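What follows is one structure encoded as structure tokens, with my remarks underneath.
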Amino acid sequence: MTLDAAWAVDWVRRSAATVDEHRDELVELDRQIGDGDHGENLARGFRAVVAKLDGLDAPPTTIGDVLRLVATTLMSTVGGAAGPLYGTAFLRASKAGSAAALDRDGVVALLEAALDGIVTRGRAGAGEKTMVDAWTPAVAAAVDAADHGAPPSQVLAAAARGAQAGAEGTVPLVATKGRASYLGERSAGHLDPGARSSALILAAAAQAAADAD
Amino acid sequence: MTDQWAPVALVLVSHSRTLAEGAAQVAAQMAPGVRILPAGGTADDGLGTSFDRVDAAVREATAGGGSVVVLTDLGSAVLTAESVLEATDGATADRVRIADAPFVEGAVAAAVTAHGGADVDQVLASAQAAGRTFGPAGTVAADTTAGVVPEGATAPVVGPDGSVRATTVLRNPLGLHARPAALMVRMLAPFDAKVQVNGVNAASVLELMKLGAVKDDVLVVTAQGPQAAEAVQRLVADVEAGFGEV
């Protein structure tokens, strides 16, 4: 069982839909500990991605092509830190996903590349109340599932569960990176919006893979 | 076209278009020979940073083979600038530096240093030193002689260590404010000499401004190096001419 470019396109469309659906929630989470623009910025970015996909003459042939389009579009259209962070994540993932199809190890490599991009760009480690706190357990869960022989869709489902648990785990944390760090101790008690949107986007990846099975 | 510009350009990346443009204006006033490209706001002029705007500015600034120092304001401005560099070809990216510096002060300091024809790492260092200039009292090295106020102007004398020293009196009504400080730095740049005014480095516009010297204050000018005497002479002449403000 493998995932192909059609899965990647479906992932992106579902990401756009879920980000739009949860836009107000993300706005509210960011208003509590940031500058309140995360939901709006990300929704605008993914709308632009979908518009670009719709405008293509022919569908992309590799997962890498799809993810590169996502990366460059998000970097250009998302005004806040989420633009370069997600942009770099998708750019690194696009390099890992240059094959026409991905097996379970390919999916793990793609997720690892994305996490690596976020860590490189944001210089954040685990436990700093950022997107990294969703992606780190997501990658760990994906590795574990792949080690147990799970198919790609199950690897992604495990990653999505790991990301959601990781996002929820950001609530008690005190932010030491990003705009929320200006709040210091007062940032505790809130869900990190970037971790939440990461969980939504990975859930979209898992749903697209489940449908492809 | 590019020949008239200093070899190092600046790109100012801010969340706000008007903040980037305003900072560029302030810096350009003090260093008209430096190309300063503002890259602020999102594509629709909202608050945020635009990959495309920063990318376009870096391309424009490096197009003639020149180097660039990028100054940024808050978080995502840094991330966007770094993303642009990651996407830029290696040979061009090698000529670009991102400064870890206060936005406005760094831009001003970098611009004045660039105006003197400094290389990219000197401009970067100047921007990054700008934060320390406004640090806690005492971070700027004070000359112990600065507190000894002479009566008035004295002609240059050469000390036993070869350093040249003179005193002069500020004549212009507003004292050593931004414009004359920048003029002083730019005037001194071509001289092969290290020059201090009241103990601070006369190559740093911010340190000169921080002296807070006002009209009728005495400036103690010291210099070392092959052209120390010429530099001191010229500086004293400029101060006595009131920087064209009297």
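The values are calculated or read from the model by the stated rules, or taken from the named source; none is laboratory data. As the structure is a prediction and not an experimental result, all values here were calculated from the model. Methodologically, a virtual Cβ is constructed for each residue, glycine included, from the backbone with ideal geometry; neighbour enumeration extends over all protein chains shown. Side chains are part of the model used for accessible areas, which takes the heavy atoms of the whole protein and leaves out ligands, DNA and RNA. Shrake-Rupley method; radii C 1.70, N 1.55, O 1.52, S 1.80 Å.
Brief remarks follow.
- Computed about the Cα centre, the dipole magnitude for chain B is approximately 440 debye when only Lys and Arg (+1) and Asp and Glu (-1) carry charge, each at its Cβ.
- Magnitude of the charge dipole, the stretch B:155-224, Cβ model with Lys/Arg +1 and Asp/Glu -1, debye to 20: 200 debye
- Note on the stretch B:1-100: with charges restricted to the Cβ of Lys and Arg (+1) and Asp and Glu (-1), its dipole about the Cα centre is near 260 debye.
- Shape category assigned to the protein assembly as shown from the gyration tensor of Cα positions, a/c cut at 1.5: prolate
- The residue list B:23, B:162, B:74 was ranked by how far each Cα lies along the charge dipole of chain B toward its positive end, using unit charges on Cβ atoms, and B:162 comes out on top.
- Principal-axis analysis of the Cα atoms of chain A puts helix A:5-21 at an angle of about 30° to the longest axis.
- Projecting the Cα positions of A:145, A:111, A:209 onto the charge dipole of the protein assembly as shown (unit charges on Cβ atoms of Lys, Arg, Asp and Glu, taken about the Cα centre) puts A:111 furthest along the positive direction.
- Using just its DSSP H runs of length 4 or more, each adding -39500 (n - 2.57), chain A gives a mean residue ellipticity at 222 nm of -23000 deg cm²/dmol after division by all residues.
- The stretch B:1-106 shape via C-alpha gyration tensor axes, a/c threshold 1.5: oblate
- Measuring with a 1.4 angstrom probe and ignoring ligands and nucleic acids, residue B:191 comes out at about 50 Å² accessible.
- Alpha-carbon centroid distance for the pair the stretch A:34-52 / the stretch A:146-213, whole angstrom: 18 Å
- For chain B, calculated [θ]222 nm from helices alone, where every DSSP H run of n ≥ 4 adds -39500 (n - 2.57): -12500 deg cm²/dmol
- Considering only chain B, percent of DSSP beta bridges that pair antiparallel, nearest 5: 50 percent
- Beta-bridge orientation, the protein assembly as shown: approximately 55 percent antiparallel, per DSSP, counting only bridges with both partners inside.
- Candidates A:125, A:157, A:102 compared by Cα position along the dipole of the stretch A:94-158: farthest toward the positive end lies A:125, with charges placed on Cβ.
- Among A:70, A:171, A:119, residue whose mean-square fluctuation peaks in a GNM of chain A (springs only between Cα atoms under 10 Å): A:171
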